[in-house]
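Down below is the structure, laid out as structure tokens.
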Ligand code: HEM
Ligand code: HEM
């Protein structure tokens, strides 16, 4: 039916996404100013940039904990279970074959897993960089290299993610799901056929479907 909407992300899921995205962007910006000599020279104030970088890392962790504690944890648990399950359609999709997809396609599931793993690795290497300045037993030559490589890879992933979510005409409608919480049912049927079908069956049986909160 034209104009029909499907609830896509709860308020809690959106809050986790935007907290993560904003912290990542400030960390990337301040990190690049620490890393690139030309930017470091332009900005000039290295101690301030370092403070911004470290304070953002702490604020990132605190904000995520707050969202998880006060938010709708059951929707987050369901999302984690969903991301953790790759069925035959997901495997076919990853092999480049056409296959109907759930709420997140297999590429998005991989992106979510990499994002979570990288957040942990950024945290561990960042903590070692910080603590290594205070206690030389925790200073390892590889730590900064790993931190830098995580930055390169996540920067490239982020550019691809940004292109798909705000520029590519076929996928940019997804931004509505991450800002307002819902998407057009026709778009969902085209891109996430299994999810749209499940949603409609649940709706017709009057079962609880995810609400826009
Ligand atoms: C929990 C998260 C993080 C913590 C605790 C952390 C901590 C640190 C610390 C202590 C440094 C060394 C600063 C210095 O002495 O010059 C550093 C450098 C840096 N960080 Fe992070 N960081 C985190 C996340 C990130 C993220 C998400 C990015 C980018 C996406 C990033 C990019 C960088 C870069 C590019 C440098 C400069 C490295 C170099 O000079 O080779 N960091 N970080
Ligand atoms: C201005 C920046 C960003 C925009 C406009 C944006 C937009 C979006 C949108 C629209 C979705 C939902 C996709 C869908 O419903 O199909 C999404 C999901 C997601 N975003 Fe972002 N995002 C941004 C930054 C980031 C950053 C910096 C990260 C991580 C470092 C990130 C990680 C994710 C993940 C893991 C998902 C779920 C899986 C996926 O859709 O790939 N996002 N984002």
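Bear in mind that the values in this text are calculations on the coordinates, not laboratory data. All values reported here derive from a predicted model rather than from experimental measurement. Here the Cβ is made from the backbone with ideal geometry for all residues, glycine too, and neighbour counts use every protein chain on show.
Some observations on this one:
- Dividing the summed -39500 (n - 2.57) terms of all DSSP H runs of n ≥ 4 by the residue count of the chain sets its mean residue ellipticity at 222 nm at -23000 deg cm²/dmol.
- Relative packing of peptides 34-40, 98-104, 78-84 - highest average C-beta neighbours within 10 Å first: 98-104, 78-84, 34-40
- Residue of 137, 14, 73 that the Gaussian network model of the chain assigns the largest fluctuation, springs spanning Cα pairs under 10 Å: 137
- Length-normalised contact order for the chain - Cα pairs under 8 Å, 6+ apart - percent: 35
- Entry note, region 1-89: relative contact order of 39 percent, from Cα contacts under 8 Å with a spacing of 6+ residues.
- Peptides 60-72, 176-188, 105-117, ordered by how many other C-beta atoms sit within 10 Å of their residues on average, highest first, read 176-188, 105-117, 60-72.
- Note on 156, 19: ascending count of other Cβ atoms within 10 Å places them as 156, 19, the fewest first.
- Cα long-axis angle, helix 141-162 against the chain (0 to 90 degrees, to the nearest 10): 30
- Between helix 73-83 and the chain: long-axis angle, C-alpha atoms, 0 to 90°, nearest 10: 90
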